[in-house]
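Remarks on the structure that follows.
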Amino acid sequence: MKRCLPWLAALFSLIGLAAYPQPGTQLRFCITSQPKTFDPLMVMDESSETVRYLTAGVLVRLNRKTQQLEPALASSWTVSPDGRTITFTLRNALRFSDGTPFSASDVDFTVRRMMDPAAHSPVGDAFRSSNAASQVITHILAPNRIAVTFPALIVGIDRLFDQVGILSATSAQKEMAVLGPYYVAESKPGSYLLLRRNPNYWRHDSAGRTLPYIESIRLDIHQNRDAEMLRLMRGEVHLINALDPDNFDRLRAQSPQFAIDAGVGLDSEQLWFNQVAAASIPAYKKAWFASMHFRNAISAAINRDDLARIVYRGHARPAFGFISPANTVWFNDRLPPHRFDPQATLALLRQDGFQLQGSTLRDRAGNAVEFSVITNAGNKNRERMAAMIQQDLARIGIRLNVVTLDFPSLIERITRSFNYEACLLGFVNDELEPNVQMNVWLSSANNHQWNPNQKTPATAWEAEIDRLMRAQAATLDFRKRKQALDRVQQIVREQEPFIYLVNKEALSAVDPVVHNASPVALRPQTFWNIDQMSLGAQVAGKR
Amino acid sequence: MLRIACLTFLLAVAIASALAGFVAPSGYAQQFRDVPGASCSRQHPLGTDDLGRDRLARVLYGTRVSLLLAPAAALLATVLAAVAGGIAGFYGGWLLSAAKALIDLVLSMPWLFLLITVRALLPLNASPLLSVCITFALLGCLGWAGAARIVCAGARDLRRSDIVLLARASGSGGLRLFVRHILPNLAPALRAQFWISVPVFILAEANLGVLGLGVSEPLPSWGSLLRELESYSALSSPLYWIPLALLVLTVSAFQLLLHREEVFA
């Protein structure tokens with residue numbers, strides 16, 4: 001019996017090892033849903049984006065910390081003076097995860113597939129221009145050199161390749177053969193994904209060791225953010241990419257070494273009025289919403305400092321405009337901060353004939369100033385902001401009705417029926433390049449939320465924004481672009497079609513056993529340098 | 001004894017909420033922004049919520065909303081059940097078949113989604129008070145089917161009873177027979193259904209409130225007050241649990257009273 005005991009112990013140990021991941025070799029974190037695709041060119045959802053970042057190889061990579069481009073599969077690249085052609089020189093002797101060799105023909109295959117209209121690639125949309133009739137031309141100059149020519153100038157063309165995961169033209173594994181640090185080894189839909197280290201990954205550390213250091217990554221599919229937080233506290237996951245302020249403060253109180261505030265991010269929260277001419281709202285309200293003085297007055301009546309301090313517990317900053325101060329290159333730092341000034345508000349309103357009678361503000365025709373703001377139900381922070389704005393506006397005699405709607409109803413109202421008066425929503429922004437916001441700022445764009453799809457600009461200032469946005473998109477001269485975008489920010493600030501409220505800070509959590517993690521404001525906040533991260537004792541260990 | 005305790009508790013809650021204007025230290029919407037999430041103090045006996053609003057005021061006004069409107073919705077549902085179930089059960093025939101089909105249809109509907117959909121169609125500029133009244137009216141309009149089935153069965157039994165036979169023999173018939181003889185005999189069942197519905201509607205509103213689709217800001221209700229528990233701050237102070245405790249105690253008191261009513265019925 002005694003002789004059996006060591007065998008039994010060994011057997012139990014083996015069972016234990018099989019059932020639970022070995023600490024130090026597997027990084028674990030949560031994604032919110034099953035990725036909809038493993039094809040890097042078809043990514044639309046956040047979970048697929050996470051898998052793409054961890055698995056797909058790209059020609060150039062944006063360093064999320066320095067905000068500069070760095071060579072990846074391409075050792076160098078050049079952009080032609082007309083901004084239409086980009087020529088890549090590829091690294092030699094690289095292989096996909098399944099051993100298939102990598103060459104310029106794979107880049108050619110990827111670009112053609114991305115730009116194929118029949119493929120409907122969301123990644124390809126960023127490269128498409130109005131000159132859709134013309135085709136993209138790829139020219140393989142050598143096995144390791146390729147030139148790609150687009151029909152029209154694309155501003156920031158090299159940055160856009162940060163999103164283009166290179167596919168193999170010949171591999172039998174198709175999109176599952178990858179050039180990134182990890183490959184998908186196992187997928188249990190609705191439960192988890194297991195990524196294993198790509199043995200053919202191209203990158204090495206300064207000591208010549210193959211990266212990445214971490215053997216595998218387990219992505220558990222968890223919708224519940226609170227459960228994710230509990231799992232972090234129990235040591236079952238190592239990272240949380242984005243924490244809400246409540247959870248962040250709780251974590252900071254309990255385990256300060258886990259909580260990381262990477263500073264102000266790119267995302268913004270804003271309020272806007274419906275200025276669609278055909279909207280089914282009374283004419284006198286349309287006149288209010290079209291008035292710059294009215295919008296400026298509402299903006300000045302909102303106490304943004306209180307919103308940041310109370311709703312976000314100090315983990316947000318009053319917003320300046322559509323470009324966050326986190327975007328150090330394009331932010332117009334000459335914009336003054338918004339002033340909370342109820343008295344100035346009333347002075348502005350008087351210019352448009354509004355009068356405070358008792359505790360009610362009335363317009364020139366005697367209509368009491370009252371409007372509704374819609375926001376999505378279940379978003380606690382937005383509901384709190386709406387309640388605070390309600391009280392701020394009550395101080396100047398405006399009655400605000402807060403209506404929370406389920407998300408599909410809200411989208412229906414702001415994009416199709418236009419049956420709303422004001423909306424409080426946030427924009428998620430992943431991209432530093434302001435050109436990607438063309439679909440918001442052009443008056444003809446469908447995301448020009450306050451008055452979308454205009455045939456001709458409804459106002460002179462919208463016409464000026466159109467002209468400036470087109471001008472900056474037609475040149476590669478940084479100085480001219482910066483000048484144009486500074487002016488757009490200034491116009492937006494004066495006219496306030498969007499009343500920007502706050503920019504949220506990038507809050508994340510990283511278990512101290514994860515080494516070399518350096519969370520930043522840009523996505524993916526915590527694992528942007530995944531190939532250099534390591535776990536626990538392994539950092540000093542041998543490989 | 002238990003019944004008296006329940007009645008006393010409900011009465012105390014009702015009186016306190018009715019006198020909210022005198023008892024509460026401030027208005028339910030007033031934000032004291034210097035003290036968000038404050039603990040008990042002389043100025044704020046139950047502390048403040050995350051926006052700095054006095055919790056006692058919000059609990060009292062929220063109780064008023066829930067305790068006034070849930071019985072109103074229950075009354076509406078009971079009246080609808082009495083009319084639909086009573087008439088179908090009494091007259092029988094195609095009316096009974098149609099009522100049964102309708103009841104089955106209503107009961108099989110995912111009422112929460114239906115309620116969310118209907119609520120999304122409401123005018124946006126409805127005041128918070130009107131919006132809460134409409135929400136409870138919707139609850140009443142959607143919550144009659146279960147009670148109607150029971151009332152229908154009761155009316156069918158009564159149709160064959162000696163009382164009705166005697167009334168018919170005395171020349172009574174039609175609407176008069178229904179109003180004078182059927183409805184009074186259905187009263188105990190209707191009363192029981194009313195008492196059952198009250199806590200159900202309180203909880204239904206709380207469910208909507210937790211989803212953020214209940215009463216509009218700044219008006220409080222138990223549903224919206226329960227949303228405070230979503231915050232981890234709730235673990236740090238028992239004050240956050242007061243609305244939940246009140247809800248549980250009130251619903252339990254209703255259920256205990258109901259048990260007595262059922263016995264009497």
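The values are calculated or read from the model by the stated rules, or taken from the named source; none is laboratory data. Given the structure is predicted, the values throughout are model-derived calculations rather than measurements. As a convention, Cβ positions derive from the backbone with ideal geometry for all residues, glycine included, and neighbour counts pool all protein chains shown. Note: accessible area is taken over every heavy atom of the protein model, side chains too, but ligands, DNA and RNA are not part of it. Shrake-Rupley method; radii C 1.70, N 1.55, O 1.52, S 1.80 Å.
Solvent exposure of region A:222-290 amounts to 40 Å² per residue of accessible area, where only protein heavy atoms count and the probe is 1.4 Å.
Between residue B:10 and residue A:112, the simple label model (points 7 Å from Cα in the Cβ direction) yields a spacing of 7.8 nm. Summary of the geometry: region A:253-322 and region B:158-224, compared by the centres of their Cα atoms, lie 47 Å apart.
In terms of the Cα gyration tensor, with a ≥ b ≥ c the square roots of its eigenvalues, is chain B rounded because a/c is under 1.5, prolate because a/b exceeds b/c, or oblate? It would help to have the intermediate numbers written out before the result.
Working: a/c = 2.99, a/b = 2.06, b/c = 1.45.
Cα axes put chain B in the prolate bin.
Legend: mean number of C-beta atoms from other chains within 10 angstrom of residue C-beta atoms, peptide B:43-50, equals 1.
When the solvent-accessible area of the protein assembly as shown is split by element, carbon and sulfur atoms take up 59 percent of it, the probe being 1.4 Å. As a ratio to 2.2 N^0.38 Å, the alpha-carbon radius of gyration for region B:103-228 is 1.40. Under the simplified labelling scheme, the residue A:137-residue A:119 pair shows an inter-label distance of 2.0 nm, with each label point 7 Å from Cα along Cα→Cβ. Solvent-accessible area per residue in region A:431-543 equals 38 Å², computed with a 1.4 angstrom probe and all protein chains kept. Applying the Karplus relation 6.51 cos²θ - 1.76 cosθ + 1.60 with θ = phi - 60° to region B:190-198 yields 3J(HN,Hα) values of 5, 4, 4, 5, 4, 5, 5, 5, 4 Hz, where x marks Gly and Pro.
Scoring A:523-530, A:394-401 by mean Cβ neighbours within 10 Å over their residues and listing the highest first yields A:523-530, A:394-401. In this Cβ point-charge picture (+1 for Lys and Arg, -1 for Asp and Glu), chain B has a dipole of about 820 debye about its Cα centre.
Shielding by partners for peptide A:296-309, expressed as the average number of C-beta atoms from other protein chains within 10 Å of each residue's C-beta, is 1.
Here the 3J(HN,Hα) profile of region A:344-360, calculated from phi with Karplus coefficients 6.51, -1.76 and 1.60 at θ = phi - 60°, is 4, 4, 5, 5, 4, 5, 4, 4, 9, x, 7, 9, 8, 10, x, 10, 10 Hz, Gly and Pro shown as x. Loop-located chymotrypsin sites (Phe, Trp or Tyr not before Pro) across region B:168-254 with a Cβ neighbour count of 10 or fewer within 10 Å are lacking, with loop assigned by DSSP. From the square roots a ≥ b ≥ c of the eigenvalues of the alpha-carbon gyration tensor of region A:33-123, which class results: rounded (a/c under 1.5), prolate (a/b over b/c), or oblate? In terms of gyration-tensor shape, rounded. With all protein chains kept in place, the per residue accessible area of region B:90-226 amounts to 46 square angstrom at a probe of 1.4 angstrom.
For residue A:61, the residues whose modelled amide H falls within less than 5 Å of its own, excluding neighbours fewer than 5 places apart on the same chain, are A:70, A:72.
Counting only alpha carbon atoms, the long axis of helix A:460-473 and the longest principal axis of chain A meet at about 20°. Legend: mean number of C-beta atoms from other chains within 10 angstrom of residue C-beta atoms, peptide A:388-396, equals 3.
Rounded to the nearest 500, the 222 nm mean residue ellipticity of the protein assembly as shown from helices alone is -13000 deg cm²/dmol, with -39,500 (n - 2.57) taken per DSSP H run of at least 4 residues. Computed from protein heavy atoms with a 1.4 Å probe, the total accessible area buried between A and B is close to 2600 Å². Highest mean packing first, where packing is the average number of other Cβ atoms within 10 Å per residue, the peptides A:366-379, A:338-351 line up as A:366-379, A:338-351.
If you line up the long axis of helix A:478-495 against the longest principal axis of chain A, both from Cα atoms, how many degrees apart are they, to the nearest 10? Helix A:478-495 sits roughly 50 degrees off the main axis of chain A. Mind checking the angle between helix A:46-55 and chain A's longest principal axis? C-alpha axes, 0 to 90 degrees, to the nearest 10. In chain A, helix A:46-55 runs at an angle near 40 degrees to the longest axis.
Label chain A by shape, choosing from rounded, prolate and oblate, from the square roots a ≥ b ≥ c of the eigenvalues of the Cα gyration tensor; if a/c is under 1.5 it is rounded, and otherwise prolate applies when a/b is larger than b/c, oblate when it is not. Oblate shape, in that a/c is at least 1.5 and b/c is the bigger or equal ratio. When you count the other C-beta atoms within 10 angstrom of each residue and take the mean per peptide, A:218-230, A:284-296 line up highest first as A:284-296, A:218-230.
Each of residue B:153 and residue B:172 was given a label point 7 Å from its Cα along the Cα-to-Cβ line. The distance between the two points is 2.5 nm.
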